[in-house]
Amino acid sequence: MSSFDIFKDDIINRYHEYEFAYVKDGKNYHGFIDLLLATNDKFIIVDYKLKNIDKEEYHNQLKVYYEFLESITDKKIEAYLYSIIDNMWKKIEDF
């Protein structure tokens, strides 16, 4: 995927190190989303990793971010992992 594909929409807000906290099924979640982009109709989550973007725990981490956003908005949500060293993007779609 081209590094600019996720930026094709008009970004209306950018949030760096977006802090969140929420409770789901009696469990507390707290963390920081590396980059959260907002367009008129969706949110785009970008999580930076140094190299390997194929680890299952990264998928699980994005799932928490996704579920948090899903609990506060009706907008569409997209999630991506980005490998800084390899300059590679991976869209995560199976939440």
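Per residue of segment 34-46, in order, report the coupling 6.51 cos²θ - 1.76 cosθ + 1.60 (Karplus, θ = phi - 60°) as ³J(HN,Hα) in whole Hz, putting x for Gly and Pro.
3, 9, 10, 10, 10, 10, 5, 10, 7, 10, 10, 8, 10
So for the chain: antiparallel DSSP bridges make up what percent, rounded to the nearest 5?
70 percent
When the chain is treated as a GNM, springs tying every alpha-carbon pair under 10 Å, which of K75, K55, K42 comes out with the largest mean-square fluctuation?
K55
Is the chain best put as rounded, prolate or oblate by its Cα gyration tensor, with a ≥ b ≥ c the root eigenvalues, rounded for a/c under 1.5, and otherwise prolate when a/b is larger than b/c, oblate when not? Provide the component values of the computation, followed by the final result.
On the way: a/c = 1.82, a/b = 1.18, b/c = 1.54.
Here the chain falls in the oblate category.
Considering the chain as a Gaussian network with a 10 Å cut-off on Cα pairs, which listed residue, V64, V23, V46, attains the greatest mean-square fluctuation?
Highest fluctuation of the listed residues: V23.
Taking all protein chains as present, what is the carbon and sulfur share of the accessible area of the chain, in % to the nearest whole number, probe 1.4 Å? Intermediate values should be presented prior to the final figure.
Working: 2780 of 5930 Å².
Answer for the chain is 47 percent, counting heavy atoms of protein chains only.
Quick one: dipole size for the chain, taken about the Cα centre, charges +1 on Lys/Arg Cβ and -1 on Asp/Glu Cβ, in debye to the nearest 20. Spell out each step's value before the answer.
On the way: 13 positive and 19 negative charges, 20 e Å.
That gives a dipole near 100 debye.
Give the cross-link partners of K63 among the lysines, using a straight C-alpha distance below 23 Å as the criterion and excluding same-chain residues fewer than 8 apart.
Straight-line reach from K63, under 23 Å: K24, K27, K42, K49, K51, K55, K75, K76, K90, K91.
For every helix of n ≥ 4 consecutive DSSP H residues, a contribution of -39,500 (n - 2.57) applies; sum these over the chain, divide by its total residues, and give [θ] at 222 nm rounded to the nearest 500 deg cm²/dmol. Don't skip to the end; give the middle numbers.
On the way: 1 runs with 17 residues, N = 95.
Helix-only estimate at 222 nm: -6000 deg cm²/dmol.
Rounded to the nearest whole Å², what accessible area per residue is found for the chain with the 1.4 Å probe? Present the calculation step by step, with values, prior to reporting the outcome.
Details: 5930 Å² over 95 residues.
Spelled out: the 1.4 Å probe surface of the chain, per residue, equals 62 Å².
The values are calculated or read from the model by the stated rules, or taken from the named source; none is laboratory data. Note that the coordinates shown come from a computational prediction; the quantities given were computed from them, not determined experimentally. Counting neighbours? That spans all protein chains shown, and the Cβs are built from the backbone with ideal geometry, glycine included. SASA here: full protein model, heavy atoms, side chains in, ligands and nucleic acids out. Shrake-Rupley method; radii C 1.70, N 1.55, O 1.52, S 1.80 Å.
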